[in-house]
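K.L.:
Structure in structure tokens, see below.
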Amino acid sequence: MNAAYTRSDLPGMTPRRGKVRDVYDFGDRLLVVATDRISAFDWVLPTGIPDKGRVLTQLSAVWFGLLPVEHHLLSLDPRDVPLPAGTDVDPLVGRSMVVRKAQVYPVECVVRGYLSGSGWKEYRQSGEVCGVRLPAGLRESDRLAQPIFTPATKEESGHDINIPFERMVEIVGASVAETLRAKSLLIYATARDYAAARGILLADTKFEFGDFEGRPIVIDEVLTPDSSRFWPAAQYAPGKGQPSFDKQFVRDWLETTGWDKNSPPPSLPDQVALKTRAKYIEAYELLAGKPFPWK
Ligand SMILES: Nc1ncnc2c1ncn2[C@@H]1O[C@H](COP(=O)(O)OP(=O)(O)O)[C@@H](O)[C@H]1O
Ligand SMILES: [Mg+2]
């Protein structure tokens, strides 16, 4: 197994480092390197998860190949951008995407087919999620009669904030807002049916879009364990939280440590990091229907 790769380094270039990805600007294209960093409760943990970045990149690539919408992915080969002399290419392989550079819309496009996470929290308080009224009496993890579009703002620091669709219209305009909603719902339905055929429920998921030459395209990662809640269908039992293929395992462990979530988080024990790695790889293999190449 490889060691965790938590920081990329291209000679003479300074990336924009997100929580998980290092993004290098090559003019009209970007090199997006998914590292093995993991975030939880809005903190990047001091411990990486070996190969996690490869899982995110490879799974996104599988989905980009299936989805009925225009997206940013051009190539998985980092050598398709002019890498600076002396670049160590090996660690980039498998975790890199060469993409079209887009103007990012400042909204997270979330679709929920089940009531969970911040959706469940809001529903308990108000009976609504992002301004969408839902029937009374729903339980945690219940399936919704119709998937709902529940946008959120992108917050530089801290939690994304759920917003009503009307607020999204104010931010990006009615025409873009409606297009992003329709595309998000279409992708959700396509992916939900695909995942269901593999024994996985797609509880909810988040997309990012950007403007490329006047058209909205899907950017970033899609339908990964970091951006989605995947639940094993065989164990589905509403009325409580569900076991999942996302980083719930890490969150649960952090909750046992007494960490206050307001100061730098603790490192993960090897066993927790390895179990988390196994969860990500399992999600990849179930959804992609093929072995993970870097096992
Ligand atoms: N095609 C693209 N064009 C422009 N920006 C992009 C594109 N794809 C991804 N991004 C941006 O790259 C960054 C990816 O890094 P990530 O670690 O996921 O960041 P974050 O901490 O914001 O989630 C995000 O800010 C995302 O909006
Ligand atoms: Mg991100």
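K.L.:
Within segment 156-167, is even one residue of a type in the set (Ser, Thr, Tyr) and modelled with pLDDT under 95? Spell out how you get there, then give the answer.
P.N.:
First, pick out the residues of segment 156-167 that are of a type in the set (Ser, Thr, Tyr): 157.
So of that shortlist, the ones also modelled with pLDDT under 95 come out as 157.
Taking every residue of segment 156-167 in turn, at least one turns out to be of a type in the set (Ser, Thr, Tyr) and modelled with pLDDT under 95.
K.L.:
Within segment 218-244, can you find the residues that are in a strand (DSSP E or B) and more than 16 Å from ligand 2 (Cβ to nearest atom)?
P.N.:
Phe230, Trp231, Pro232
K.L.:
On to the next question. Select from segment 251-278 the residues that are at pLDDT below 95 and under 18 Å from the mean Cα position of the chain (by Cα) and list them in ascending order.
P.N.:
Scanning segment 251-278 gives a single hit, Arg251.
K.L.:
Which pairs do you get when a residue that is closer than 8 Å to Leu10 by Cα, found in segment 84-95, comes within reach of a residue that is of a type outside the set (Lys, Arg) and surrounded by 19 or more Cβ atoms within 10 Å (Cβ to Cβ), reach meaning Cβ atoms under 7 angstrom, with the pair 6+ apart or on two chains?
P.N.:
These pairs meet every condition: Pro84/Leu10; Thr87/Leu10.
K.L.:
Can you tell me which residue in segment 8-41 is nearest to ligand 2 (Cβ to nearest atom), limited to those that are in a loop (DSSP other than H, G, I, E, B) and charged (D, E, K, R)?
P.N.:
Top of the filtered list is Lys19.
K.L.:
Consider Ala182 carefully, then state whether it is of a type in the set (Gly, Ala, Ser), touching a Ser or Thr at 6+ places or on another chain (Cβ under 7 Å) and not assigned by TED's automatic domain parsing to the domain that holds Trp43.
P.N.:
Working: of a type in the set (Gly, Ala, Ser): yes; touching a Ser or Thr at 6+ places or on another chain (Cβ under 7 Å): no; not assigned by TED's automatic domain parsing to the domain that holds Trp43: yes.
Against the criterion (of a type in the set (Gly, Ala, Ser), touching a Ser or Thr at 6+ places or on another chain (Cβ under 7 Å) and not assigned by TED's automatic domain parsing to the domain that holds Trp43), Ala182 does not qualify.
Here is a yes/no grid of residues against (1) part of a loop (DSSP other than H, G, I, E, B); (2) within 17 Å of the chain's Cα centre (by Cα):
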{"site": "Pro68", "(1), (2)": "yes, no"}
{"site": "Ala85", "(1), (2)": "yes, no"}
{"site": "Pro91", "(1), (2)": "no, no"}
{"site": "Val98", "(1), (2)": "no, no"}
{"site": "Cys109", "(1), (2)": "no, yes"}
{"site": "Arg112", "(1), (2)": "no, yes"}
{"site": "Gly119", "(1), (2)": "no, yes"}
{"site": "Gln125", "(1), (2)": "no, no"}
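K.L.:
Would you check if Asp260 is within 18 Å of Ile49 (Cβ to Cβ) and of a type outside the set (Phe, Trp, Tyr)? So that I can check it myself, show each step before the final result.
P.N.:
Working: within 18 Å of Ile49 (Cβ to Cβ): no; of a type outside the set (Phe, Trp, Tyr): yes.
No.
K.L.:
Here is a further query. Taking Glu285 as meeting all but one of (1) more than 16 Å from ligand 1 (Cβ to nearest atom); (2) assigned to a loop (DSSP other than H, G, I, E, B); (3) among the acidic types (Asp, Glu), write down the number of the exception.
P.N.:
Failed condition: (2).
K.L.:
Does Ala278 satisfy the condition of being more than 16 Å from ligand 1 (Cβ to nearest atom), on the phi < 0 side of the Ramachandran plot and in the same structural domain as Leu138 (by TED's automatic domain parsing)? So that I can check it myself, show each step before the final result.
P.N.:
Working: more than 16 Å from ligand 1 (Cβ to nearest atom): yes; on the phi < 0 side of the Ramachandran plot: yes; in the same structural domain as Leu138 (by TED's automatic domain parsing): no.
Taking the combined requirement at face value, the residue does not satisfy it.
K.L.:
From the list Phe64, Phe26, Phe41, exactly one residue is within 14 Å of ligand 1 (Cβ to nearest atom), over 21 Å from Asp246 (Cα atoms) and in contact (Cβ under 8 Å) with a residue 40 or more places away in the chain. Which is it? Explain how you work it out, then say what you get.
P.N.:
Working: Phe64 fails: over 21 Å from Asp246 (Cα atoms); Phe41 fails: over 21 Å from Asp246 (Cα atoms).
Result: Phe26 is the single residue among Phe64, Phe26, Phe41 that is within 14 Å of ligand 1 (Cβ to nearest atom), over 21 Å from Asp246 (Cα atoms) and in contact (Cβ under 8 Å) with a residue 40 or more places away in the chain.
The values are calculated or read from the model by the stated rules, or taken from the named source; none is laboratory data. In this text the structure is predicted, and so the values were computed from the model without any measurement. Positions of Cβ are backbone-derived with ideal geometry, glycine not excepted, and every protein chain shown enters the neighbour counts.
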